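Coordinate-derived values only; no laboratory data. Predicted, not measured: the structure shown is a model, and the values here were computed from it. Cβ placement follows ideal geometry from the backbone for every residue including glycine, while neighbour counts extend to all protein chains displayed.
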Amino acid sequence: MDNEYIIKYVDALQVLDSRGDPTIEVIVKTVGGGIGRAIAPAGASRGKYEAVELRDSDVRKFKGKGVTKAVNNVKNYVAPALQGIDSRRQRDVDRIIIQIDGTPNKSQIGANTAIATSLAVAKAAADTAKIPLFNYLGGARAHILPIPMLNIINGGAHAGNELAVQEFMIVPIGFDSFSEALRAAVEIYKELKTYLKAKYGALAINVGDEGGFAPPMTMVREAIEALINAIKAAGYDVENQVRISLDAAASQFFIDEKNVYKIDGKELSKEELLEYWKQLIEEYSLLSIEDPFHEEDFESYAALRRETKDRVIVVGDDLTVTNIVRLNEAIGKGAVTGVIVKPNQVGTLSETMDFIELAKSRSIITIISHRSGESEDNTIAHLAVAVSGPFIKTGAPARGERTAKYNELLRIENYLGSEAIYAGKIYRF
Ligand SMILES: O=C(O)[C@@H](CO)OP(=O)(O)O
Ligand SMILES: [Mg+2]
């Protein structure tokens, strides 16, 4: 019996995220001196079926965004239940968290409380074993660096502009290593800045929540053209080296009462929106499109897949919310070929791993993802390597909470040395 893995101490405190909103950090220590810290992220365009984040009701403090209740849940309920448990028994730990909560959506203790605790335990176990987290989670096979999807033009709920589509991403696929791919992305980001400033003036280079620019545009095509311009200006090839992906986050511009989508200053029916996406996919050979329809409309996702003959990856995020019940429904209806994986959408590491397992077993592409409200926590970089990506979505290559993940991936690449393989080299999309 290795006593050193036993959880000796669990505590929590309120810290700040990248929007200046309070969030919860959990600290776990083992008998052997291993330490794990994890900070819960927060979404702005949240799916209706996500696990629920617990916030304080006192609106005088932090405009009602405080997490003292979540912090107290760790101190009063979770910490006493986890003390004395082996930190490597992640499933037992997560089962205890789920039992303490007792609801289907973590609304009692809070998904923020749950995920910060669950991840902190894994990190404490890895630290006790003195191996990097990606190795602890992924074992000997973990050596593939993910392809980043970098959101460099922000719209929707993440920016103060008129763009309906939330994220315009560049995806540097055709490179030999993660660091080469990231370098290309930075060069494109800088070219985009020059282009936007010249075309729209200095205000156009203000950034949105994920570090991408938030120019005063209304038309989706205008933003895509800007990306293409920047990719070319940086000297890269749009077909083979750098592709374009969108996160429509369509629930955000779906008007329920009218059953229409408000995009490009027009109101489109779902059939018209489908035609619109098909045109864009064709014209710009988009690599993927995330949440192209609102979160209840599995059928339209399936129609897009059928009609594009899988030339584009149709990705679920608000649709599938890192939840195997929702993913099974999406699989049954043939709705997606890719899914976003956000650990805080479900609340524990084990449930996140089960979701990834199910997706991979059905050849559904997994994209490990940050939230728009982030912190210096870099757990998702390790998770992405542990499960061999193949993709990670973690914002623009600027702003500390985003570069925290990119820099950790650079460290992992460096640590792995000649063993590191870039996912873009081995997977064909
Ligand atoms: O929709 C998304 O994919 C995410 C992250 O980019 O946004 P949010 O965290 O606001 O839900
Ligand atoms: Mg999304």
What the Cα atoms of the stretch 126-217 span along the principal axes, largest first and in whole Å, is 52, 28, 19
Checked the stretch 360-429 with the C-alpha gyration tensor, a ≥ b ≥ c its square-rooted eigenvalues, rounded below a/c of 1.5, otherwise prolate if a/b is larger than b/c and oblate if not; verdict oblate
With x for Gly and Pro, the residue-by-residue ³J(HN,Hα) of the stretch 339-345, computed from phi through the Karplus equation 6.51 cos²θ - 1.76 cosθ + 1.60 at θ = phi - 60° and given in whole Hz, is 9, 7, 10, 10, x, 6, 6
Each label sits 7 Å from Cα toward the beta-carbon; between Ser418 and Arg91 the label points are separated, in nm, by 3.8 nm
The helix 270-284 Cα axis meets the longest alpha-carbon principal axis of the chain at an angle in degrees, between 0 and 90 and rounded to 10, of 80 degrees
Which residues qualify? For Val341, with a placed amide H closer than 5 Å and at least 5 residues away or on another chain, they are Ile367, Ile368, Ser369
The extension gain from Lys262 to Leu358, computed as 0.36 nm times the residue separation minus the Cα-Cα distance, is 31.2 nm
One finds the C-alpha centres of the stretch 183-262 and the stretch 364-396 to be spaced, in Å, by 21 Å
Listed residues Asn151, Asn378, Asn161; largest mean-square fluctuation, Gaussian network over the chain with Cα springs below 10 Å, found at Asn161
Checking the stretch 321-429 for trypsin sites (Lys or Arg not before Pro) in a loop per DSSP with at most 11 other beta-carbon atoms within 10 Å yields Arg428
Contour minus Cα-Cα span, Asn407 to Gln83, at 0.36 nm per residue, comes to 113.3 nm
Taking only the Cα positions of the chain, the convex hull volume per residue in Å³ is 133 Å³
For the stretch 216-357, the dipole about the Cα centre with charges only on Cβ (Lys and Arg +1, Asp and Glu -1), to the nearest 20 debye, works out at 300 debye
Spelling it out for Ala12: with amide H atoms placed in the peptide plane at 1.01 Å from N, the residues 5 or more places away or on another chain with amide H under 5 Å from its amide H are Ile27
If every Lys and Arg gets +1 and every Asp and Glu gets -1 at its Cβ, then about the Cα centre the stretch 2-130 yields a dipole, in debye to the nearest 20, of 300 debye
The rounded separation in angstrom of the Cα centers of the stretch 149-180 and the stretch 52-101 is 33 Å
A correct Stokes-Einstein calculation for the stretch 1-47, using the alpha-carbon Kirkwood radius, 25 °C and 0.890 mPa s, returns a whole-number D in µm² s⁻¹ of 199 µm²/s
Longest principal axis of the chain (C-alpha) makes with the long axis of helix 298-308 (C-alpha) an angle, in degrees to the nearest 10, of 50 degrees
Listed by chain and number, the residues whose amide H is under 5 Å from that of Ile313, excluding neighbours fewer than 5 places away on the same chain and using placed H, are Ser288, Ile289
Between Ile255 and Arg306, Cβ-based FRET efficiency (R0 22 Å, step 0.05) works out to 0.30
In this structure, the FRET efficiency calculated for Asp58 and Lys197 from their beta-carbon separation, with R0 = 30 Å, to the nearest 0.05, is 0.10
Here the equivalent ellipsoid of the stretch 2-130, derived from its Cα gyration tensor, has semi-axes (largest first, whole Å) of 26, 15, 12
For the table Lys190/Lys270; Lys232/Lys393; Lys309/Lys333; Lys48/Lys197; Lys262/Lys360; Lys106/Lys130, the rows whose alpha-carbon distance is greater than 27 Å are Lys190/Lys270; Lys48/Lys197; Lys262/Lys360; Lys106/Lys130
Residue by residue through the stretch 383-389, the couplings from Karplus 6.51 cos²θ - 1.76 cosθ + 1.60 with θ = phi - 60°, in Hz, x for Gly and Pro, are 4, 4, 6, 4, 9, 6, x
Phi angles of the stretch 211-228, converted by Karplus (6.51 cos²θ - 1.76 cosθ + 1.60, θ = phi - 60°) into ³J(HN,Hα) in whole Hz with x for Gly and Pro, give x, x, 6, 10, x, x, 10, 10, 9, 4, 4, 4, 5, 5, 4, 4, 5, 4
Measuring from its Cα centre, the stretch 138-426 shows a charge dipole (+1 at each Lys and Arg Cβ, -1 at each Asp and Glu Cβ) which, in debye to the nearest 20, is 660 debye
